[in-house]
Amino acid sequence: MAPKIFSGSSNKKLAEKVCAASGLTLSPLEITVFSDGEKRVRVVDSVVGQDSVVIQSTAAPVDSNYMELFFIIDALKRSGSKSVTAVIPYLGYQRQDHIFRTGEAVSLDVVVKALETAGATKVITFDLHTIKIPELFRIPVAHLSALPLFAKQVESLKSKVESQDIVLVSPDMGGIRRIKLISEMLGNMPYATIVKNRDLVSGHVEAASVDGKVLKRAVIVDDMISSGKTVVAAAQLLRENGAEDVFVMAAHAVLSGNASELLQNSIISKVIITDTIDIPKEKQFPKLEVISIADMIAKELKNL
Ligand code: R5P
């Protein structure tokens, strides 16, 4: 039997696209927000003995979106759902997956335990910061990636310009695995890696040097854009090293603070992101282009 699909309030547009791609209808949920900010969730239709899927991105407001997700999972379990798959296209707190400095919490581990305690039986997510994150879970995790979609975008760029002029770029050493993967998808396209320094206290980002040959057109590929400082500093350094045109592709547009303004006013020509996070109108900007991961989720849901 086809699963029942529910949506939290963070990314309903994506949930609707997933339903359209799967030929299913979104099942109703009552989500009430009280004047003190507390939320109450109620499952309307019967889910007894059925597989349920809940789609919720845990981007800003991160804590509120997580609490809502926990409550939806709990409501589905208590209503008799056989399984609850949490589709979390953007997994908040993923960058806090280990202790960086003595005394810190492993926030992602707390979130993982809460998801499991609430009753999630499987997680489907995209482009995690590190490939080790699924190991924190005791339930199955389908770790999908938008890289094949970005590879198609690069293919399309290649068909419009001299393809030997394009270089793929990782904006930091942590992205080497990602850049090698997309390079392989594109027939071992040349790539370069930037050496980045970030001050953990001030947040200052410095793109220190480039490892590899910079060509006329550079395509920076990253997992997420938060403050925008990483890709803007990388683009600037690439320009200083001879790149005339710099494109950015990233799965998650967190776009915190004044990131949208920073990106729009930068030398970057185009910023291609996915819809793992719904971008509110006030954060959209002319250089931004959104591609959808809905078909990939719909395909994955067939494996339930
Ligand atoms: C860092 O390791 C990540 O891959 C991203 O490059 C980083 O999280 C982007 O953050 P921001 O946009 O704040 O520089």
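The values are calculated or read from the model by the stated rules, or taken from the named source; none is laboratory data. These numbers come from a predicted model, not from an experiment. When we count neighbours, we look across all protein chains shown, and the Cβ atoms used for this are built from the backbone with ideal geometry, even at glycine.
Tabulated results
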read-out	value
Boolean, ALA15 is of a type in the set (A, V, I, L, M, F, W, C), touching a Ser or Thr at 6+ places or on another chain (Cβ under 8 Å), at pLDDT 95 or above and under 29 Å from LYS132 (Cβ atoms)	yes
ASN65, sole failed condition from (1) touching a strand residue (DSSP E or B) at 6+ places or on another chain (Cβ under 7 Å); (2) under 18 Å from LEU115 (Cβ atoms)	(1)
Residue pairs meeting the criteria (Cβ under 7 Å; at least 6 apart or on separate chains; first under 15 Å from VAL214 (Cα atoms) and polar (S, T, N, Q), in region 179-200; second part of a helix (DSSP H, G or I) and modelled with pLDDT under 95)	THR193/MET173
Residue within region 283-291 that is in a helix (DSSP H, G or I) and more than 13 Å from the ligand (Cβ to nearest atom) present	yes
Scope region 271-282; condition assigned to a loop (DSSP other than H, G, I, E, B) and over 10 Å from the mean Cα position of the chain (by Cα); matching residues	ASP278, ILE279, PRO280
Filter result for HIS98 (in contact with a helix residue (DSSP H, G or I) (Cβ under 8 Å, 6 or more places away or on another chain) and surrounded by fewer than 22 Cβ atoms within 10 Å (Cβ to Cβ))	no
Failed criterion for SER202 (all others in (1) among the polar types (S, T, N, Q); (2) more than 30 Å from ASN65 (Cα to Cα); (3) at pLDDT below 95 hold)	(2)
The lone exception for ILE194 - which of (1) at pLDDT 95 or above; (2) closer than 25 Å to ILE279 by Cβ; (3) in contact with a strand residue (DSSP E or B) (Cβ under 6 Å, 6 or more places away or on another chain) it fails	(2)
Test: residue in region 56-69 that is in a strand (DSSP E or B) and either over 18 Å from the mean Cα position of the chain (by Cα) or free of Cβ contacts under 8 Å to residues at least 24 places away in the same chain (or both)	no
Tabulated pairs, region 285-304, first at pLDDT 95 or above, second among the hydroxyl-bearing types (Ser, Thr, Tyr) and part of a loop (DSSP other than H, G, I, E, B), C-beta under 9 angstrom, 6+ apart or interchain	LYS287/SER266; LYS287/SER269; ILE293/THR276; MET296/SER145
Residue in region 201-231 that is surrounded by the fewest Cβ atoms within 10 Å (Cβ to Cβ), counting only those that are acidic (Asp, Glu) and closer than 22 Å to ASP127 by Cα	ASP223
Entirely in region 157-228, the strands (runs of 3 or more DSSP E) that have 2 or more residues that are of a type in the set (Gly, Ala, Ser) and away from the ligand (no atom under 12 Å from the Cβ)	205-211
Residues being in contact with a Pro (Cβ under 9 Å, 6 or more places away or on another chain), under 20 Å from ILE182 (Cα atoms), within 15 Å of the ligand (Cβ to nearest atom) and of a type outside the set (Ser, Thr, Tyr) - total across region 251-282	2
Tabulated pairs, region 245-260, first part of a loop (DSSP other than H, G, I, E, B), second near the ligand (Cβ under 9 Å from one of its atoms), C-beta under 6 angstrom, 6+ apart or interchain	VAL254/MET224; VAL254/SER226; SER256/SER226; SER256/SER227; GLY257/SER227
Single residue of region 121-149 satisfying the filter (out of contact with any helix residue (DSSP H, G or I) (no Cβ under 6 Å at 6 or more places or on another chain) and in a helix (DSSP H, G or I)) that is surrounded by the fewest Cβ atoms within 10 Å (Cβ to Cβ)	GLU135
Only one of ALA234, ALA298, ALA243 that is within 11 Å of the ligand (Cβ to nearest atom) and surrounded by 15 or more Cβ atoms within 10 Å (Cβ to Cβ)	ALA234
Any pair with Cβ under 9 angstrom, 6 or more apart, that starts in region 218-229 at a residue that is under 19 Å from VAL161 (Cα atoms) and of a type in the set (Ser, Thr, Tyr) and ends at one that is more than 6 Å from the ligand (Cβ to nearest atom) and assigned to a strand (DSSP E or B)	none
